[in-house]
Amino acid sequence: MVLHLKNYSATVALVVGAALLAFAFATPRSTAEEARVVPPPAVDEAKGASTPEVAVVAGGCFWGVQGVFQHVKGVVSAVSGYDGGGKETAHYDMTSRGDTGHAESVRITFDPKTVSYGRILQIYFSVAHDPTELNRQGPDEGTQYRSTIFPMNAEQAQVANAYIAQLNGAHAFRAPVVTTVEENRTFYPAEAYHQDFLVQNPTYPYIVFNDLPKIENLKRLFPEAYRADPVLVGAKS
């Protein structure tokens with residue numbers, strides 16, 4: 001994807017950034033346009049867990065999805081990465097081809113005493129991406145940008161499938177939800193330069209146009225779940 005830059009210098013970033021800014025604002029759709037609060041899931045994980053849990057979701061460029069969940073109360077960490085394909089192709093250059101089976105994904109570790117799996121999915125569907133777009137998000141096209149939930153166990157799969165059916169049955173969006181549920185996959189963390197990208201690059205044109213509005217939407221639509229200080233991957237990536 002032309003909007004994702006690998007190993008750029010300050011000079012190159014400035015030149016390319018200016019071009020991307022013009023491109024971004026000429027693009028008719030942003031990945032943050034369709035933010036709305038959808039109903040919470042009627043089916044959620046059983047309460048009572050006392051140890052952190054993990055959710056893995058994909059919905060377009062992982063920069064913005066990671067950024068959203070870094071601002072959610074109860075999230076212990078949010079790591080950008082790849083899921084859906086094999087270990088040998090879990091690299092940005094390969095995943096960007098769109099033929100590896102991977103989707104740009106985010107592994108969310110959360111405290112179930114503070115935020116439930118169902119709540120994570122509600123935020124995912126409401127502000128993190130547009131679940132009605134098939135194999136794309138805004139300006140990004142390809143299966144690597146698909147809307148997918150990667151459940152960690154059978155209970156999460158049940159919650160995810162029931163929620164998708166619930167949203168479609170309620171016509172929560174103007175078009176059907178195309179989010180898939182892919183079980184028995186493995187998450188692989190992305191390269192260090194992708195971690196905390198939104199926080200580290202708040203003036204980067206793609207971030208400004210597509211991703212910062214998602215943070216504002218989270219704050220506006222889920223004020224009780226929003227926290228101002230993001231939880232960062234940092235050196236742990």
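Identify, among 200, 82, 166, the residue whose Cα sits farthest towards the positive end of the charge dipole of the chain, taking +1 on the Cβ of Lys and Arg and -1 on the Cβ of Asp and Glu, with the dipole about the Cα centre.
200
Helix 154-169 versus the longest principal axis of the chain: what is the Cα-based angle in degrees, 0 to 90, to the nearest 10?
Roughly 80 degrees between the two axes.
At 0.36 nm per residue, and after removing the present C-alpha to C-alpha distance, how many nm does the segment from residue 193 to residue 152 gain when stretched out fully?
12.2 nm is the gain from fully extending residue 193 to residue 152.
How are the Cα pair distances of the chain distributed, in percent, across 10 Å bins from 0?
Percent of Cα pairs in each bin: 8, 35, 40, 15, 2, 0.
What shape does the range 188-237 have by the C-alpha gyration tensor, where a ≥ b ≥ c are the square roots of the eigenvalues, rounded means a/c under 1.5, and otherwise prolate means a/b greater than b/c and oblate the rest?
oblate
Using only the Cα atoms of the range 130-190, construct the convex hull and provide its projected area averaged over every direction, in square nanometres to one decimal.
Over every viewing direction, the Cα hull of the range 130-190 projects on average to 4.7 nm².
What translational D, rounded to a whole number of µm²/s, comes out for the range 39-139 from Stokes-Einstein when the hydrodynamic radius is the Kirkwood one over Cα pairs, at 37 °C and 0.692 mPa s?
Stokes-Einstein gives a translational diffusion coefficient of 229 µm²/s.
In debye, nearest 20, what is the charge dipole magnitude of the chain about its Cα centre with +1 on Lys and Arg Cβ and -1 on Asp and Glu Cβ, if you could check?
In total the dipole reaches around 360 debye.
Using a probe radius of 1.4 Å on heavy atoms only, what accessible surface per residue do you get for the chain? Whole Å² is fine. Kindly include the intermediate steps, with their values, before the conclusion.
Details: 10240 Å² over 237 residues.
Ligands and nucleic acids excluded, the result is 43 Å² per residue.
Taking every pair of Cα atoms in the range 101-237, average 1/r, invert it to obtain the Kirkwood radius, and report Rg/Rh to two decimals. Mind showing how you got there, number by number?
Values: Rg = 15.3 Å, Rh = 16.3 Å.
With Rg and the Kirkwood Rh in hand, the quotient comes to 0.93.
Round to a whole number: what % of the accessible area of the chain belongs to carbon and sulfur, probe 1.4 Å?
On the chain, the fraction of accessible area on carbon and sulfur atoms equals 57 percent.
The values are calculated or read from the model by the stated rules, or taken from the named source; none is laboratory data. Because the structure is a prediction, the values reported are computed rather than measured. Counting neighbours? That spans all protein chains shown, and the Cβs are built from the backbone with ideal geometry, glycine included. The area values use the complete protein model at the heavy-atom level, side chains included, leaving out ligands, DNA and RNA. Shrake-Rupley method; radii C 1.70, N 1.55, O 1.52, S 1.80 Å.
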